[in-house]
1. I'd like the trypsin sites (Lys or Arg not before Pro) in the range 46-117 restricted to DSSP loop residues with at most 14 other Cβ atoms within 10 Å, sorted by number.
2. Can you tell which of Gly358, Gly101, Gly72 shows the greatest fluctuation in a Gaussian network model of the chain with Cα springs below 10 Å?
3. So who's got an amide H within less than 5 Å of the one on Met97, skipping anything under 5 residues away but keeping other chains? H placed 1.01 Å off N, in plane.
4. Once phi is turned into ³J(HN,Hα) by the Karplus curve 6.51 cos²θ - 1.76 cosθ + 1.60 with θ = phi - 60°, what whole-Hz value does each residue of the range 31-43 show in order, with x for glycine and proline?
5. If you place +1 on the Cβ of every Lys and Arg and -1 on the Cβ of every Asp and Glu, how big does the dipole about the Cα centre of the chain come out, in debye to the nearest 20?
6. Read phi for every residue in the range 370-380 and hand back ³J(HN,Hα) as whole Hz from Karplus 6.51 cos²θ - 1.76 cosθ + 1.60, θ = phi - 60°, with x for Gly and Pro.
7. Does the range 91-219 come out rounded, prolate or oblate, given a ≥ b ≥ c as the square roots of the eigenvalues of its C-alpha gyration tensor, rounded meaning a/c under 1.5 and, failing that, prolate meaning a/b above b/c?
8. If I take all pairs of Cα atoms in the chain, what percentage of them are more than 33 Å from each other?
Amino acid sequence: MTDDHSEQRGCEIIQFGRRPIPPRACVVENRTHVRMFLADMLDELGFIAREADTTDIRTVLREFRPDLIVLGPLGAGLEVQALLRTLQAQTYGGKVMLFGGRSSEALINSYEFGEQAGLAMLPPLGTPFRARDLHANLDRFLPVQPQPPLPVDVDEALCNGWLELWYQSKIDPQSLVPRGAEALVRLRHPTWGAVAPAYFIPAANDPYLHALSHFVIARALADSIQFTVAKNPVQISIPLPLLALEDFRFIDRLMEHLPERARHNGLLIAVDCVDLVNDHALVQRIGAQLALRNIGMAVNDIDAEGAALAGCRDLPVVEMKVGRKFIRGCADDRIKQAHCAEIVAIAHDSGAKSVAEGVETQSDFLVVRDLGFDLLQGHMFAKPMGPRKFERTMLARQYAAVA
């Protein structure tokens, strides 16, 4: 140990204060649903999180080398203390946080045992707890989220498996049950952590634009299969630039391997309204090709001019999405309300669904619901999340609605 806030690992010094490199955390708990829940929360705070049961602890220390280990009650205080002895024997130098029944004797005894063993014990997390309780416990430990000094090369990200696909739910405004989702590409850099899309999304003339688009489509179709297998089908929309849609052979190859039941979920390819207005003829041709493959076309960030074009019978648009600039604050802006009402009317007349994106307040929610939008999207309902967490959230909400 070099000082109160760092640990020496060979030639590498791990800082335990705020730092640019995302720390690694492992949740050790025998109950799968508890492990997954806590790992998701740590992931959202900026950790690289992993789950393990009690039999994996030595493997985790050797291969994952976590900076933080979170230990659950494991059914008995003695079992927790046995794991703490293992950490002591392995000369583990990271932090340890216990969680369990608030003020329970077993939790207090295990915490004192860890301190006596010379482990770096964080304050225990009593259950039940709120997200802010976890944040307060780990505040000194949380990483900052600086952006890379230069854009990240897409080819490097693809080769190293840094890219992920996250999903944000589209909610029925009446039942508040998820009825669809938008796929959003994310990059998790081993040094910089989560990187903003502006730092890695290639320009239209970038040679790796097609490779990135192929990754997004392939991953979305694979996730769609998984959602279907889990009896949790969902219609996924994928925003793509027009240039990425010129080669349909790739899509055809993927569709050949897609199970029939997954095809019935329907896939949407979303183009930007600017592209629709600037090159209506190309969008029309692409829309026709998508329709032949049972893939619908959606238009994002739509305005009145785009809605008028999208509503034409020669363009098979099945979804029109109004962007954040017209949704945020619409409760207090009659001009925004009039704009939204016009697009909703055009969408309904053409048989397309209307989506309001960027719903974040109760007042805006009430307005867009009364305007007749078919689907709502925004942080008020759900943030973008990884496929595993998205699937659990979707399933839980659907079961709640049935109950």
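The values are calculated or read from the model by the stated rules, or taken from the named source; none is laboratory data. The shown structure was predicted, so the numbers you read here are calculated from the model rather than taken from an experiment. Cβ coordinates were reconstructed from backbone atoms using ideal geometry, including for glycine residues, and neighbour counts include every protein chain displayed. Side chains are part of the model used for accessible areas, which takes the heavy atoms of the whole protein and leaves out ligands, DNA and RNA. Shrake-Rupley method; radii C 1.70, N 1.55, O 1.52, S 1.80 Å.
1. Details: sites: Arg50, Arg58, Arg62, Arg85, Lys95, Arg102; in loops: Arg102.
Here the trypsin sites (Lys or Arg not before Pro) that fit, given the DSSP loop and packing criteria, are Arg102.
2. Gly101
3. Excluding prolines and chain starts, which carry no amide H, the hits are Ile69, Val70, Leu71, Leu122.
4. Along the range 31-43, the couplings run 8, 4, 5, 5, 4, 5, 4, 5, 4, 4, 5, 5, 4 Hz.
5. Values: 42 positive and 50 negative charges, 169 e Å.
The dipole magnitude comes to about 820 debye.
6. 5, 6, x, 4, 7, 9, 10, 9, x, 5, 4
7. On the way: a/c = 3.41, a/b = 1.73, b/c = 1.97.
Here the range 91-219 falls in the oblate category.
8. On the way: 34569 of 81003 pairs.
The proportion of pairs with Cα distances above 33 Å equals 43 percent.
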